[in-house]
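The values are calculated or read from the model by the stated rules, or taken from the named source; none is laboratory data. Predicted, not measured: the structure shown is a model, and the values here were computed from it. No Cβ is skipped: glycine too gets one built from the backbone with ideal geometry, and neighbour counts run over all protein chains shown. To get the accessible areas, we keep the full protein, side chains included, count just its heavy atoms, and leave off ligands, DNA and RNA. Shrake-Rupley method; radii C 1.70, N 1.55, O 1.52, S 1.80 Å.
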Amino acid sequence: MIRIGYVGINTELPTASRTFRLAGYSVGRMLDTASANLTALQQILTWNVDHGIFLFRITSNLIPFGSHPINRGEWKQVLRDEFAKIGWFIRDQGMRVSMHPGQHLVLNSPHEATHESALRELDYHETIFSLMELDFDHRIVVHGGGAYGNKAKATRVLVARLLECDSRIRLRLALENDERVFTAQNILAICQESGIPGVLDVFHHRVLPSLPGKGIREVIQAFTPSWAGTRQKIHYSNQEPGKVLGSHSSQVNIDAFSGFYQEIHDLDLDIMLESKDKQESVLALRKAFPELK
């Protein structure tokens, strides 16, 4: 069975990513904005269930300045009940959610301040899942980071820092290949060494290919053991015509997806669509391929 989902916002509903300028920060404003974002998230999740969509990526901007030192974490206690209600809904409906910090999160940076910022960011994301009382099937997806002039050394640093992470964070992580530095082959090797599952980004793999001689089905299956019997997750998107190579398309190209789908239709996969039209691509693909969940 293949399930498809989408990322962050629903274009028909209020955003769960409201924020404000750092210069205007106050605890009260942060809590009010965060509460409004949680209300919006519940509306999105309810809409998803009503439309049979059970795979979703929660925005990293749920709590304004959630990992910034200015935020002392009052939201963890004040909004505890709101998080618990959302978590109950996710569990009750059998949904699977994830979060995906931006590429500013760099675990293997040689700069200590950047590394410390990455750890704060991971702690923030993991705290959201913990407050929702979600198990480790709900993942935080991160990229490998930079090469810093010595990719072999950068890889060793990444593996070491992954293994050093607190277990509550390490058990929540999944690694994704990118389109500039860490190929699918690189990430697969890191997953095998660290014991962390790997999310194959199909689009990134096409921009920065690796594993020569393997078709996309074989590449996906190479990552399957890293998931240790749980449902494997991948990312899918297309190139936006006329834009710089690596730019995500406004919507999923149904013809392109059809060719991809023919290769993998019998696998058990959760596919996160990374298109700018969000839920619209999910609905369009399910109309074209009614067997998709």
Problem - Near pairs, Cβ below 8 angstrom, 6+ apart or cross-chain, from segment 84-101 (over 21 Å from Ile4 (Cβ atoms)) to any residue that is among the charged types (D, E, K, R) and outside any helix (DSSP H, G or I) - result: Ala84/Glu133; Gly87/Glu133; Trp88/Glu133
Fill in the blank from the handout: Contact list, first residue from segment 254-265 and farther than 18 Å from Leu200 by Cα, second anywhere and open to solvent by less than 80 Å² (accessible area, probe 1.4 Å) and among the small types (Gly, Ala, Ser), beta-carbon distance below 8 Å, six or more apart or interchain, is Ile254/Ala284; Ile254/Ala288; Ser258/Ala288
Exercise for the section: Those residues that are of a type outside the set (Ser, Thr, Tyr), open to solvent by less than 40 Å² (accessible area, probe 1.4 Å) and more than 21 Å from Pro197 (Cβ to Cβ), I need them from segment 263-277; list them, please. Expected result: Asp277
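Those residues that are open to solvent by 70 Å² or more (accessible area, probe 1.4 Å) and either assigned to a helix (DSSP H, G or I) or at pLDDT 95 or above (or both), I need them from segment 218-229; list them, please.
Glu218, Gln221, Pro225
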Exercise for the section: Taking the residues in segment 106-126 that are touching a residue at least 40 places away in the same chain (Cβ under 8 Å) and not in a helix (DSSP H, G or I) as candidates, determine which candidate is farthest from His138 (Cα to Cα). Expected result: Pro110
Practice task
Return a yes/no flag: does segment 158-174 have any residue that is outside any strand (DSSP E or B), charged (D, E, K, R) and under 24 Å from Ser17 (Cα atoms).
Solution key: yes
Completion exercise
Flagged in segment 19-45 as of a type in the set (Val, Ile, Thr) and either under 19 Å from Thr127 (Cβ atoms) or over 20 Å from the mean Cα position of the chain (by Cα) (or both), in numbering order, are Thr19, Val27, Thr33, Thr39
Practice task
Can you work out which of the residues in segment 240-262 that are hydroxyl-bearing (Ser, Thr, Tyr) and closer than 23 Å to Glu218 by Cβ is surrounded by the most Cβ atoms within 10 Å (Cβ to Cβ)?
Solution key: Tyr261
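So, Leu188, is that one open to solvent by less than 10 Å² (accessible area, probe 1.4 Å) and at pLDDT 95 or above or not?
On the way: open to solvent by less than 10 Å² (accessible area, probe 1.4 Å): no; at pLDDT 95 or above: yes.
Answer is no for this residue.
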Fill in the blank from the handout: Contact list, first residue from segment 203-228 and closer than 10 Å to Leu188 by Cβ and of a type in the set (S, T, N, Q), second anywhere and modelled with pLDDT of 95 or more and open to solvent by less than 30 Å² (accessible area, probe 1.4 Å), beta-carbon distance below 7 Å, six or more apart or interchain, is Ser210/Thr183; Ser210/Ala184; Ser226/Cys191; Ser226/Pro197; Ser226/Gly198
Handout entry: Residues being of a type in the set (A, V, I, L, M, F, W, C) and not in a helix (DSSP H, G or I) - total across segment 230-263
Key = 4
